[in-house]
Amino acid sequence: MKHLFTIIASIFVITSCGPSQQEYDALLAQKNNLETEVSNLRHIIENYENTPDRLYSKVEALVNNKNIEGLTALCEKFEKYHPASAEYQKTKTALKKLTDEKEAKEKAEKEKRMKAVNKLRKSYDDVSGITWYKNPYFTHYNDENLMSLYIGKKDSNVWLRLRMSYEGDDWIFFEQAYLSYDENTKQILFNRYEDKESDHDGGRVWEWIDVSVNDELLSYLKGMAKGKSLKMRLSGKYTRTRNLGSSERKALQDVLLAYDVLKNGE
C-alpha cells in the first residue's frame, strides 16, 4: 500500500515536471499492478477470516447470548463463502432452534397476558357504557378490611381505580392512607369530601376510599406487586395497619397485567 502511494506521488511530480510518455506509462502500469495486488491480498485475507471453522467458532457464543441477529448475519456469510459446508447446516439449525424458542416464548407470553384479562370478573353498565373488570378471588365490599384494584373501560379509554376500606366496632376517622412494601411507603392522596365515604349499622362502622390511579401511583403499584411484605395503613384519630393477604397480592398482580393488556394491546 505504501508503494502505491509512492508511485501515485511520483506520477504527480513527473506530470508537474513534464515527463515523457514512456515514463508516465511505466509508472501508471506499476500503479495498476499494485492495485491488483492489494485487491488480491484483501481477497486472501477475507477468505482466511471466513473459513468454515473460523465462522463456526462464533456460533456457541451467539447461541448462549440468544443473538438471533448475529446468527442471521453469520448464515449470510456462510451462504456467500461456504454454502455447501457442514458448518453452514449446523449454523442454520442453531438459528432455527433459537428462532423457534423465541416464537414459543412470545406465544406463551401473549397467552398469559390474555388469560389475565379473561380471568377477571367482568360486568357491563349499559347506562354509563362502562365495562368494569375486577379480580375473581374476592369481592371487595366496603364493609371489610381490604385493598383492591379494578379497571374501567369505555370505548378506547381504560383506567385504574384503587379501593381501601376499614370495618370495625369504632370509627378511626382516617384522614391519611398509606401503602407499603419492603419498607417503601407511599401516601395515597384523596379528597376527603369526594373520595371518602362512611356508613354504620348495628354497632359496626365502615370507612373507605375509592380513588383514581395516576401514573406515579401506577409505577409504585408495579413495584409493590413484586414486593415481599405488603401492608396498608389508614390513619386519623386512630390508626389501623394490616398485612395484605395472598388474595390481595395475587389480585394486584393480575389486575395490573390485565390493565397493561387492555391499555397497550396483546
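Here's the list of aspartates and glutamates a cross-link from K66 could span, going by alpha-carbon distance under 16 Å and ignoring same-chain residues fewer than 8 apart: D100, E101, E103, E106. Take 93-106, 217-230 and order them by the average number of nearby Cβ atoms within 10 Å per residue, most first; the result is 217-230, 93-106. Structure note, pairs K134/K250; K96/K226; K122/K154; K119/K154; K115/K250: Cα-Cα distances above 23 angstrom occur for K96/K226. Taking the centroid of alpha carbons for each part, region 220-266 and region 160-180 are 14 Å apart. Largest to smallest in accessible area, the residues H140, H200, H82 fall in the order H200, H82, H140 (1.4 Å probe, all protein chains included).
The values are calculated or read from the model by the stated rules, or taken from the named source; none is laboratory data. Bear in mind the structure is a predicted one, so any value in this text is a computation, not a measurement. Cβ: placed from backbone, ideal geometry, glycine included. Neighbour counts: every protein chain shown. What goes into the accessible areas is simple: the full protein's heavy atoms, side chains included, and nothing from ligands, DNA or RNA. Shrake-Rupley method; radii C 1.70, N 1.55, O 1.52, S 1.80 Å.
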